[in-house]
Amino acid sequence: MIIDANIYLGNWAFRRVTGGNADEIIRMMDSFSIGKAFVSSMNGVMYRNCEEANIELLEGIGNTSERLVRFAVINPAYAGWKDDVVDCFEEFGFQGAKIHPGFHGYRISEELVQPLFRYCADNDIPISYSARMEEGIEHWALRGLENPTGQEIDKLLAEYPDLRMLITDLIGFDDVFTQLTPRDNLWLDISHLRRSDELELMIKRFGAKQLCYGSAFPFRAVNSPMIVMEYARISEEERAEIMGFNAERFLNG
Amino acid sequence: MIINIHEHLWGSRDIETYDIVDVVERYGFDITCISKVELPGGRFPKNPTREECNQNNRDVKELMDRHNGKFLGFCLINPTEPGAVDDFEGWIKDEGFSGLKLYTTVFADDPIVDPLAEKAAELDVPILFHVEWAWPELYPRDGRFRYNPEPDDCRSNGLHIAELAKRHPNTTIINGHVNMLGQDWEASIRAVKACPNVYVDLSGSGSSRGCVEFAVREAGVERCLFGTDGSIASSLGAVLGADITDDERTLIMSGNAKRMLNIDY
């Protein structure tokens, strides 16, 4: 089964982005034979209280929930976040956490936010970490937006070896990519790769088992990562791993 | 048929040493327009010398000759160097290049570009500009991107392009890679909307969904060009996945470039 590990539902504050609703997401998935998708709220990136975005996501997904695996946007630097965690993972059936440290104004190395990572590690909750949604240079309101460093991701995953983390939206030539250490609890999505040879390089560095197909739909053209896969000179086994098996392992351990 | 309006012959950067010949074969590009902007050592100086530009153009010429018909050269010229117009004319008339590549030496609307723009109109070849639209005061100069721009190098945006286009209505100008990651493609396209002699190059790593549709709507499909600029899957995916008609897609993938470059086959 093909799994898209990186899809957003909702609206975006800085430009018109169409297709961010359950019906269009399912339609897109059907057109590309995608069986399941990991979905988080686009609105949760910008809302001060991202729990409201998670509630919107639940309302928006409706009865498509078997194919749309819910990832709750959690801001561990915001008041009451621990209640969000209890609600989302113990009551509402979310299966993963989505974090946006840059937009939410914290760094993953801060002591303040470590309880989230401890909770997820202890409770088998995978974390999807968006490396970038938009650049600070794209809008005056985003000035000061900080991107992650590979070193801080490395340090976190070394400290929590039971924590499973997927880094999404990482562009192939980004410095973060070259700073990351391959490890069993780190996965990377391919949504922003520019060429198939970048995928081949990533396989050499991280191993095919640590890469997940992801599209960043509706932000990015779904055809792009599909073309990366289509023209990649890789084995059928590697292809199957990237297109679905790895996402299952990230999700379920 | 696929005509790629924007690609490069790279040099030494470790992540960008993809083989352009392998690329065009792997992805099935029939014709690829190519320039070389990088200097030995992975340098992108603001002011390459005349000889550095000509050496780069000789490298492109060698590629063109080796793969007859698959590559069309766009010659790199530094407008501030002596002999700029003569060199440009020589590369087009004597060496069979198909266009002019201008990079970040000066802004597109700098008066020093005017003689080149006039010559381009006379020779009936387009000028492909490196264009960006990052909110200027925020543009990162910390080397986070793989290439390290020099302080004060001149990264033209759509407004610079529009100014030049208005001064030279008979010159064909290509607004380069609007869909580059981190760029405001809406601003870039809107800035040149009223300039019928400006084409929009849809290449870029952004692969932003909606960009192609926006360009078709704002600039008109006949002014939209397919290009890749190193972001092959991103750029191809954006056009192939765009919500446009098949006829529009064909125009973007080849028809408009054929017309612009006077290609008969």
For this session: State whether one or more residues within segment B:208-219 are within 13 Å of another protein chain (Cβ to nearest Cβ), in a helix (DSSP H, G or I) and surrounded by 24 or more Cβ atoms within 10 Å (Cβ to Cβ).
Result: yes
Problem set entry | Check on B:Gly255, touching an Asp or Glu at 6+ places or on another chain (Cβ under 7 Å) and of a type outside the set (D, E, K, R) | no
Exercise. Can you name every residue in segment A:216-237 that is of a type outside the set (Lys, Arg), within 14 Å of chain B (Cβ to nearest Cβ) and outside any helix (DSSP H, G or I)?
Worked result: A:Ala216, A:Phe217, A:Pro218, A:Phe219, A:Ala221, A:Val222, A:Tyr231, A:Ala232, A:Ile234
Exercise. Does A:Ile153 meet the test of being modelled with pLDDT under 95, within 26 Å of A:Ala37 (Cα to Cα) and of a type in the set (Val, Ile, Thr)?
Worked result: yes
Problem set entry | Looking only at segment B:172-191, and only at residues there that are away from chain A (no Cβ under 14 Å) and within 15 Å of the chain's Cα centre (by Cα), the one that is surrounded by the fewest Cβ atoms within 10 Å (Cβ to Cβ) | B:Thr172
Problem set entry | Flag for A:Ile61 being touching a Lys or Arg at 6+ places or on another chain (Cβ under 8 Å), under 25 Å from A:Cys212 (Cα atoms), more than 14 Å from chain B (Cβ to nearest Cβ) and modelled with pLDDT of 95 or more | no
Seminar exercise, completed: Counting only residues in segment A:194-215 that are of a type in the set (Gly, Ala, Ser) and touching an Asp or Glu at 6+ places or on another chain (Cβ under 6 Å), the one farthest from the other protein chains (Cβ to nearest Cβ) is identified as A:Ala208
Exercise. Listed residues A:Tyr106, A:Tyr78, A:Tyr8; which is hydroxyl-bearing (Ser, Thr, Tyr) and either closer than 27 Å to A:Met226 by Cβ or under 16 Å from the mean Cα position of the chain (by Cα) (or both)?
Worked result: A:Tyr8
Problem set entry | Only one of B:Ser205, B:Ser188 that is touching a residue at least 24 places away in the same chain (Cβ under 8 Å) and in a loop (DSSP other than H, G, I, E, B) | B:Ser205
Problem set entry | Those helices (runs of 4 or more DSSP H) lying entirely in segment A:149-211 with at least 1 residues among the basic types (Lys, Arg) | A:150-159, A:196-206
Problem set entry | Candidate set from segment A:207-246 (those that are among the β-branched types (Val, Ile, Thr) and under 22 Å from B:Gly28 (Cβ atoms)); member that is modelled with the lowest pLDDT | A:Val222
Exercise. What tally of residues in segment A:88-116 results from selecting those that are of a type in the set (D, E, K, R), touching a helix residue (DSSP H, G or I) at 6+ places or on another chain (Cβ under 8 Å) and over 24 Å from A:Arg249 (Cα atoms)?
Worked result: 1
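Yes/no per residue for (1) at positive phi; (2) crowded, with 21+ Cβ neighbours inside 10 Å; (3) modelled with pLDDT of 90 or more:
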site	(1), (2), (3)
A:Arg107	no, no, yes
A:Glu111	no, no, yes
A:Pro115	no, no, yes
A:Arg118	no, no, yes
A:Ser128	no, yes, yes
A:His139	no, no, no
Seminar exercise, completed: Note: among B:Gly69, B:Gly90, just one is of a type outside the set (Ser, Thr, Tyr) and in contact (Cβ under 8 Å) with a residue 12 or more places away in the chain, namely B:Gly69
For this session: Within segment B:59-80, count every residue that is among the acidic types (Asp, Glu) and either under 21 Å from B:Gly176 (Cβ atoms) or in contact with an Asp or Glu (Cβ under 6 Å, 6 or more places away or on another chain) (or both).
Result: 1
Problem set entry | Hits in segment A:83-98 (condition: closer than 18 Å to A:Ala131 by Cα and touching a Leu at 6+ places or on another chain (Cβ under 8 Å)) | A:Gly96, A:Ala97
Exercise. So is A:Arg249 in a helix (DSSP H, G or I), farther than 27 Å from B:Gln183 by Cβ and modelled with pLDDT under 95 or not?
Worked result: no
Problem set entry | Test for B:Arg144: is it surrounded by fewer than 17 Cβ atoms within 10 Å (Cβ to Cβ), at pLDDT 95 or above, in contact with an Asp or Glu (Cβ under 8 Å, 6 or more places away or on another chain) and not acidic (Asp, Glu) | no
Seminar exercise, completed: Reported set for segment B:23-65 where residues are modelled with pLDDT under 90 and within 13 Å of chain A (Cβ to nearest Cβ) is B:Gly42
Problem set entry | Subset tally (residues that are surrounded by fewer than 19 Cβ atoms within 10 Å (Cβ to Cβ) and away from chain B (no Cβ under 14 Å)) for segment A:22-46 | 5
For this session: Please work out if B:Asp243 is in contact with a strand residue (DSSP E or B) (Cβ under 9 Å, 6 or more places away or on another chain), part of a loop (DSSP other than H, G, I, E, B), within 13 Å of another protein chain (Cβ to nearest Cβ) and not aromatic (Phe, Trp, Tyr).
Result: no
Exercise. Does A:Asp84 satisfy the criteria of being part of a helix (DSSP H, G or I), in contact (Cβ under 8 Å) with a residue 12 or more places away in the chain, surrounded by 16 or more Cβ atoms within 10 Å (Cβ to Cβ) and not hydrophobic (A, V, I, L, M, F, W, C)?
Worked result: yes
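The values are calculated or read from the model by the stated rules, or taken from the named source; none is laboratory data. Since the structure is predicted, the reported quantities are computational estimates derived from the model, not experimental observations. Please note: Cβ atoms are built from the backbone with ideal geometry, for glycine as well, and neighbour counts cover all protein chains shown.
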